[in-house]
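Every number here is computed from the coordinates shown, using simple stated rules; none is lab data. Just so it is clear, the model here is predicted, and its values are computed rather than measured. A quick note on method: Cβ atoms are made from the backbone with ideal geometry, for glycine too, and the neighbour counts reach across all protein chains shown.
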Amino acid sequence: MISQYWIDQIPARPIVIDIKDSSGAAANLAGYTTITPYLIDERNNEVDITGYTLDISQRANGRILFTFPQGRTVFDEPGDYLLQIELKTISSGTTTNLDFTTAHRIVVKALGGVNR
């Protein structure tokens, strides 16, 4: 799945992330204690997404809703961005499971090739 956004856009609608297991069925994420998104730009630099929200109310069905921070853009430059979700289980202060989703590609364009 590929999402497309524009320079300076502040997306209001969330990205729906459906996580599947190796057989293609919805993965049950209820056992993970920490679910954290990461966004990198096309130069592999982490993008500050402070202020994002995650709706994990459907995580038992493998669904996560990611909403970008509101009130500011995270898309300063055109290019290919990648969004990945880290899934972690922590027990007694020790990480016992650490998994990552497949990276979701986000294409950011500048209308007419001109930055605003």
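Here are some notes:
- The relative contact order of the range 2-113 comes to 36 percent, based on Cα pairs under 8 Å that sit 6 or more residues apart.
- Kirkwood Rh in Å, taken over the chain so that all alpha-carbon pairs contribute: 15.2
- About its Cα centre, the range 2-113 has a charge dipole of approximately 340 debye under the convention of +1 per Lys or Arg Cβ and -1 per Asp or Glu Cβ, with nothing else charged.
- Trypsin sites (Lys or Arg not before Pro) restricted to the range 34-78 and DSSP loop, no more than 14 other C-beta within 10 Å: ARG43, ARG72
- Each part gets one Cα centre, and for the range 63-101 versus the range 6-61 those centres are 5 Å apart.
- Given their separation in residues at 0.36 nm each and the Cα-Cα distance between them, THR95 and GLN4 gain 29.3 nm when the chain is fully extended.
- Residue with peak Gaussian network fluctuation, the chain [Cα springs, cutoff 10 Å], from LEU98, LEU39, LEU54: LEU98
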